[in-house]
1. Grab the beta carbon distance between residue 89 and residue 206, set R0 = 45 Å, and tell me the FRET efficiency rounded to 0.05.
2. Against the longest alpha carbon principal axis of the chain, how many degrees, from 0 to 90 and to the nearest 10, is the axis of helix 273-282 turned?
3. Give me the number: length gained by fully extending residue 280 to residue 157, i.e. 0.36 nm times residue separation minus the C-alpha to C-alpha distance, one decimal in nm.
4. Given a Förster radius of 35 Å and the C-beta distance between residue 16 and residue 66 as r, what FRET efficiency does 1/(1 + (r/R0)^6) yield to the nearest 0.05?
5. Could you work out the relative contact order of the stretch 95-207? I mean the mean sequence separation of Cα pairs under 8 Å and 6+ apart, divided by the number of residues, in percent.
6. Tell me the volume per residue, in Å³, of the convex hull enclosing the alpha carbons of the stretch 184-244.
7. With the radius of gyration and the Kirkwood radius both derived from the Cα set of the stretch 78-124, what is their ratio Rg to Rh?
8. When only Cα pairs under 8 Å and 6 or more residues apart are kept, what is the percent relative contact order across the chain?
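We did not get these values from a lab; they are worked out from the coordinates using the rules stated. The shown structure was predicted, so the numbers you read here are calculated from the model rather than taken from an experiment. Every residue, glycine among them, receives a Cβ derived from its backbone with ideal geometry; neighbour counts consider all protein chains shown.
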């Protein structure tokens, strides 16, 4: 299996360069985080992979097959997006039923089971769902299609904390029982960081980071202690964030850590992916 390969993809919308010569590979059976600020090009990229948009330059292949206007390739991938493309007259039950006609491995029994777990009324029309239950409905479909590649574009939009946790647990359970490639584009970086295997960060249409999450998180660390202790310790170090509360401070530092140099009284923890992301995407 060759995964999804994106080769020198460029996309413009008028004078806006949404993607600029982007190249990378989504490997089979991994969980990816596709991160970037609003307008970075994440949704454009996912829409190009799934033929909802076409690149101005470059191409995409899915398991070696050209993705553009190729049903065989597109049957291997599913995109859960913010936009609902279902007819207004359809109920959730009808969409779930028809999804089985288009995706031969669709698990109808599983879809009904998790819809019930989420408290989704499948007799409601799709157009009448709240933002949160619209996301839940689309999660139900996405977790049931059983394609080798599932793309989640802002999957937890409008979900409360309990439903977000339920989604992450269902995703991990499904992935552990039957591995597939999950690509999650989200703004809730702190929440999703614990389940990611690989991280891709896009800024202004260009790929900045493409690393395993483990490697990325080893590239820095955080230290906490009294304000004076931290101020002394961070001298001549690359500090990307400082948080202060009363007389205490926490600093996030890029670079390797030598634990033997950590003074008594300072606590050391791993790199915070969200703070790293904020620093990286804010830099001009």
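1. Details: r = 42 Å, r/R0 = 0.93.
The calculated FRET efficiency here is 0.60.
2. Roughly 90 degrees between the two axes.
3. On the way: separation 123, 0.36 × 123 = 44.28 nm, distance 2.39 nm.
Stretched fully, the residue 280-residue 157 segment lengthens by 41.9 nm.
4. 0.85
5. Numbers: 103 pairs, mean separation 27.2, N = 113.
Relative contact order, the stretch 95-207: 24 percent.
6. Numbers: hull volume 7.9 nm³, N = 61.
Looking at the stretch 184-244, the number lands at 130 Å³ per residue.
7. Numbers: Rg = 10.9 Å, Rh = 11.5 Å.
Here the Rg-to-Rh quotient is 0.94.
8. On the way: 537 pairs, mean separation 55.6, N = 284.
Taking the mean separation of contacting Cα pairs over the length of the chain, I get 20 percent.
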